[in-house]
Amino acid sequence: MENLIVLNPFVVGRYVSEKYFCDREKETEFLIKQVENGRNVALISPRRMGKTGLVQHCFQQPRLNENYYTFFVDIYATSSLAEFVYLLGKTIYETLKPKRTAWAEKFFQIIASLRVGFKLDAVTGEPGFDIGLGDIQAPQTTLDEIFRYLESADKPCIVAIDEFQQIGTYEEKNVEALLRTKIQQCKQTLFIYAGSKRHLMNNMFHSSSKPFYQSAISMGLEPIPMETYVEFAGRMFSQRGKILDRAAAEAIYRMFDGCTWYMQMMMNEMFALTKEGMTCTTEYIDFAWDNIIMAQEDRYQAILYGLAPKQKQLLQAIARDRIVEGITSSDFVKRHRLVSASSVQAALKPLLKNDIVTCEEGIYRIYDYFFADYLAKKY
């Protein structure tokens, strides 16, 4: 992995190696320590703050990589237990397939209900996993088999489930209780529950009426300190024969409140704009920003096309203010010529549900910083 050539060191949306990973030393040590002590962990922080990268970074550390089987499954797009089971089984199989261990070979022996998906490649003779959602006829049965398989491993397993709060929205009503029961019976399988909706995750793990109450050590994820990220960004530039002006790096950090994904996206574009031997200054920021917005414009238009008129009006109002406290106040409603506080509440609900708008401690903003700027300037 370390020998992989990465032309742009500001990697976005995936983990490549420790070389391109910024800081999180304390968080890495804390998370690994919890796992080594047999504790499940609830990792709670806003989306795009770096939860996925942190988990995958931990999985690459020798203390976990050499002593555990590790699996990472993102359930953000799931809406039912069948989809959850499908993704979990597929992830486990595809992660283990290259390892060719004796345990990996037992996958279809133990998870018999997925045997319909076992196929041999006509050319290579290699086994493959060819199954669709429709093949999950009895999700609970398959889930039982998957847990039995994990528990039969020749070394402990770690299963990281990203956007774990999704299970609370499934069409089935007992999924939380079902999963809690299965997980409670595990003796050598540990779980990392990563979630971005703090109020839902906190309710799941800190409310005494919920099945997962006090079942995991809670861990938050704050922005990487400015000084640390600025030093990292400057080092990435200098290693490739380019110079990053400190003022430019600090400006980008402030623009995105230290949110990792957005900083990386901007740095990726600014690095691409800077020629070898040249200095990247604050003058590059507008060019980089415009390029990113241009690449996303079709997606933003598609989002707007799918919204009702009152939702668009509210979204544009939030974009103009950037952050909103008291979103149903008479001042906000009148200033942006919205119909009423009740219409704001009705329009806000689907925007929050679809993660177009986010709310932290009573403060609302458009989740995507680039989309917010696009709306503010275009409308």
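The values are calculated or read from the model by the stated rules, or taken from the named source; none is laboratory data. Computed from a predicted model, the values in this text were never measured in an experiment. We place every Cβ from the backbone using ideal geometry, glycine too, and count neighbours over all the protein chains shown. Side chains are part of the model used for accessible areas, which takes the heavy atoms of the whole protein and leaves out ligands, DNA and RNA. Shrake-Rupley method; radii C 1.70, N 1.55, O 1.52, S 1.80 Å.
What helices (runs of 4 or more DSSP H) completely inside segment 1-98 contain at least 2 residues that are without any contact (Cβ under 8 Å) to a residue 40 or more places away in the chain?
Counting at least 2 such residues, we get 25-36, 62-65, 81-96.
For the structure I just gave you, tell me whether PHE232 is of a type outside the set (Ser, Thr, Tyr), within 23 Å of the chain's Cα centre (by Cα) and either part of a helix (DSSP H, G or I) or under 23 Å from GLU360 (Cα atoms) (or both).
Yes, satisfied.
Could you run through segment 308-339 and say how many residues are open to solvent by less than 30 Å² (accessible area, probe 1.4 Å), outside any helix (DSSP H, G or I) and farther than 30 Å from ILE252 by Cα?
Number satisfying all stated conditions: 1.
Do the conditions hold for VAL41, that is, is it aliphatic (A, V, I, L, M), out of contact with any Cys (no Cβ under 6 Å at 6 or more places or on another chain), open to solvent by less than 30 Å² (accessible area, probe 1.4 Å) and at pLDDT 95 or above?
yes
Given the condition within 23 Å of the chain's Cα centre (by Cα), under 23 Å from THR260 (Cβ atoms) and open to solvent by 30 Å² or more (accessible area, probe 1.4 Å), answer yes or no: does some residue in segment 342-350 qualify?
Scanning segment 342-350, I find no residue that is within 23 Å of the chain's Cα centre (by Cα), under 23 Å from THR260 (Cβ atoms) and open to solvent by 30 Å² or more (accessible area, probe 1.4 Å), so the answer is no.
Would you mind stating whether TYR300 is open to solvent by 60 Å² or more (accessible area, probe 1.4 Å), farther than 17 Å from PHE256 by Cβ and of a type in the set (Phe, Trp, Tyr)?
Spelling it out, it is not the case that TYR300 is open to solvent by 60 Å² or more (accessible area, probe 1.4 Å), farther than 17 Å from PHE256 by Cβ and of a type in the set (Phe, Trp, Tyr).
Restricting to segment 235-250, name every residue that is part of a helix (DSSP H, G or I) and out of contact with any helix residue (DSSP H, G or I) (no Cβ under 7 Å at 6 or more places or on another chain).
ARG235, MET236, SER238, GLN239, ALA247, listed by residue number.
Being more than 26 Å from the chain's Cα centre (by Cα) and over 16 Å from ILE356 (Cα atoms) narrows it down to one of ASP321, ASP286, so name that one.
Result: ASP286 is the single residue among ASP321, ASP286 that is more than 26 Å from the chain's Cα centre (by Cα) and over 16 Å from ILE356 (Cα atoms).
Show the residue pairs that are 6+ apart or on different chains and have beta-carbon atoms under 7 Å apart, the first residue being within segment 210-233 and closer than 26 Å to ARG39 by Cβ, the second being of a type in the set (S, T, N, Q) and open to solvent by less than 50 Å² (accessible area, probe 1.4 Å).
So the pair list comes out as TYR213/SER207; SER215/ASN40; ALA216/ASN40; ILE217/GLN34; GLY220/SER45; LEU221/SER45; ILE224/THR260.
Does segment 258-297 hold any residues that are surrounded by 14 or more Cβ atoms within 10 Å (Cβ to Cβ) and on the phi > 0 side of the Ramachandran plot, and which are they?
GLY258
When you scan segment 352-366, how many residues do you find that are open to solvent by 30 Å² or more (accessible area, probe 1.4 Å) and either farther than 15 Å from GLY306 by Cα or not in a loop (DSSP other than H, G, I, E, B) (or both)?
So the answer is 10.
Which residues, counting only those in segment 182-226, are open to solvent by 70 Å² or more (accessible area, probe 1.4 Å), over 21 Å from PRO46 (Cα atoms) and not in a loop (DSSP other than H, G, I, E, B)?
GLN184
If I ask for residues that are among the aromatic types (Phe, Trp, Tyr), modelled with pLDDT of 95 or more and more than 19 Å from the chain's Cα centre (by Cα), which ones from segment 45-98 would you list?
Answer for segment 45-98, where residues must be among the aromatic types (Phe, Trp, Tyr), modelled with pLDDT of 95 or more and more than 19 Å from the chain's Cα centre (by Cα): TYR68, TYR69.
State yes or no: is ALA102 in contact (Cβ under 8 Å) with a residue 40 or more places away in the chain and of a type outside the set (Ser, Thr, Tyr)?
yes
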